[in-house]
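A short write-up of the structure that comes next.
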Amino acid sequence: LLVSLISPASAETIEDARAAYSTGNYVEAAKLYRALAERGDTSAQEWIAFLYLFGRGVPRDTHEAHRWFHKAADQGAVGLAIITGLTLLLSDNGPPDYDEAVWLFRLGADKGNAEAQCQLGLRYANGQGVPQGYAEAVQWFRMAANQGHADAQLNLGYAYADGQGVPQ
């Protein structure tokens with residue numbers, strides 16, 4: 001977080017944006033988050049991306065969502081991108097959006113986030129949003145496992161036990 005770079009007046013604004021979102025006033029939340037995002041607040045950049053991706057308070061625009069998620073990721077913020085990717089897989093609003101989830105996981109995985117690397121490995125292992133590729137899955141599981149990610153370590157163990165992408 002860049003909290004130290006945000007003035008006290010802006011800190012109140014981020015709270016106002018959160019409050020607007022939590023009460024369902026997405027138009028106001030989008031306005032407030034966008035103003036903060038344009039000033040470089042990474043949390044606000046992730047939230048305005050989320051709003052664009054789901055069309056809450058702003059027109060649905062995946063290009064704009066990607067732009068804001070990239071801005072935040074370039075500054076090291078990938079948490080909401082990963083949560084959003086998981087949301088797209090578990091959505092009650094229709095079938096999972098594997099393509100968009102993979103894009104979000106790759107954004108985090110490329111920044112070294114172990115959860116994103118594990119999730120990307122799962123997509124390759126299962127051929128969800130990407131061509132199935134056990135060797136590629138193992139590479140992502142190994143990166144996450146080397147960071148101590150327990151699920152990635154388990155998945156890597158299964159890959160060795162089954163000989164999927166590695167010798168059995």
Net dipole in debye of the range 33-112 [+1 Lys, Arg Cβ; -1 Asp, Glu Cβ; about Cα centre; nearest 20]: 180 debye
How far apart, in nm, are two points set 7 Å out from the Cα along the Cα-to-Cβ line at E64 and at E15? 2.8 nm
Student exercise, the chain dipole from Lys, Arg, Asp, Glu Cβ charges, in Debye to nearest 20: 180 debye
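Might you tell me the accessible area per residue for the chain, computed with a 1.4 Å probe and given in Å²?
51 Å²
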First select every other residue whose beta carbon is under 14 angstrom from the beta carbon of G57; then total the charges, Lys and Arg +1, Asp and Glu -1. +1
The range 10-71, accessible surface, carbon-and-sulfur percent (1.4 angstrom probe): 50 percent
Can you run phi through the Karplus equation (6.51, -1.76, 1.60; θ = phi - 60°) for the range 16-28 and list ³J(HN,Hα) in whole Hz, with x for Gly and Pro? 5, 5, 4, 5, 4, 5, 5, 8, x, 8, 5, 5, 5
Taking K and R as +1 and D and E as -1, what net charge do the other residues with C-beta under 12 Å from the C-beta of V27 add up to? +2
Other residues with Cβ under 15 Å from the Cβ of L104 give, with Lys and Arg +1 and Asp and Glu -1, a net charge of -3
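The values are calculated or read from the model by the stated rules, or taken from the named source; none is laboratory data. Nothing here was measured: the structure is a model prediction, and the numbers come from that model. Reconstructed Cβ throughout: ideal geometry from the backbone, glycine too, with neighbour counts over all protein chains shown. Just the protein is used for accessible areas: all its heavy atoms, side chains included, with ligands, DNA and RNA removed. Shrake-Rupley method; radii C 1.70, N 1.55, O 1.52, S 1.80 Å.
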